[in-house]
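Just so you know, all these numbers are worked out from the coordinates, no wet-lab data involved. In this text, all values refer to a predicted model and were calculated from it rather than measured experimentally. Using ideal geometry, Cβ is built from the backbone for each residue, glycine included, and neighbour counts are taken over all protein chains shown.
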């Protein structure tokens, strides 16, 4: 889940200054877990569609629906949640770390002021780069679980086999396109979200406040998803076939030569749906949790 921000209103004592960061971590982890479970099928379908870039047969026009039907027929309905364990394993520390880092950066850079567009982009990129880099091995395992290409029985087995046959490079494969996807996404999302939120706050109150912010999250997610989707396709390719695509250049060249620019937008519909819906859901849950924890 990408890009939300809390605005601390009161100065706290030196002993309690760490509590908002901890609470942000817990609220982010909870909201990320809830939305990940709900929208995991869209992430899995996106990965399967992107993996068709390697196939010689063109995907049908209703590729998304065909992929869902194929998964249910071969793996039953619960097959749509394949890769849930690594997804949750990544989300709990990842989103929590993102929120807490973002909170700390905001409190450090401009505690009493609204973020400028440039500050929003910079803080979003910094927070996502940190969490994305630390959790890249889990991201690799998650992608391989979702692809259906690898038949790992557990995360432990996946970790052991990848390290045994591919070494550290295998566990960190796709790091560059992952950061090129996540860091700009978070920066752009936070910029769009904060600017749209500022505009909406001037014209709504009460129940409209929730609806308008929900809409801000949806709009920001759509815009940021479109810009960063090509990097997501390359990331999937490198993490599934690390021996064949051992550099960003190789992945980009292969996709473009074989399928043209359209190849860089494989799986965009399910990813956009997941990103926007997950963002809106995560924002709603996050706001309620932060209020319950006394951060709002």
Practice task
Subtract the Cα-Cα distance of residue 253 and residue 21 from 0.36 nm times their separation in residues, and report this length gain in nm to one decimal.
Solution key: 79.3 nm
Exercise for the section: Grab the Cα-Cα distance for residue 85 and residue 155, subtract it from 0.36 nm times how many residues apart they are, and report the gain in nm with one decimal. Expected result: 24.4 nm
Problem - Calculated FRET efficiency for the pair residue 226/residue 69, C-beta based, R₀ 30 Å, to 0.05 - result: 0.65
Handout entry: Sorted peptide list for 28-34, 140-146, criterion being average Cβ within 10 angstrom, highest first
Key = 140-146, 28-34
Fill in the blank from the handout: In whole µm²/s, the translational diffusion coefficient that Stokes-Einstein assigns to the stretch 64-218, given a Kirkwood hydrodynamic radius over C-alpha pairs, 4 °C and 1.567 mPa s, equals 72
Exercise for the section: Just order 171-177, 230-236, 241-247 by mean Cβ neighbour count inside 10 Å, highest at the front, would you? Expected result: 230-236, 171-177, 241-247
Practice task
Put one equal scatterer on each alpha carbon of the stretch 167-282, apply the Debye formula with no solvent term, and list log10 I(q)/I(0) at q = 0.11, 0.21, 0.22, 0.23 1/Å to two decimals.
Solution key: -0.44, -1.06, -1.12, -1.18
Handout entry: Separation of the residue 134 and residue 246 label points, Cα + 7 Å toward Cβ, nm
Key = 3.0
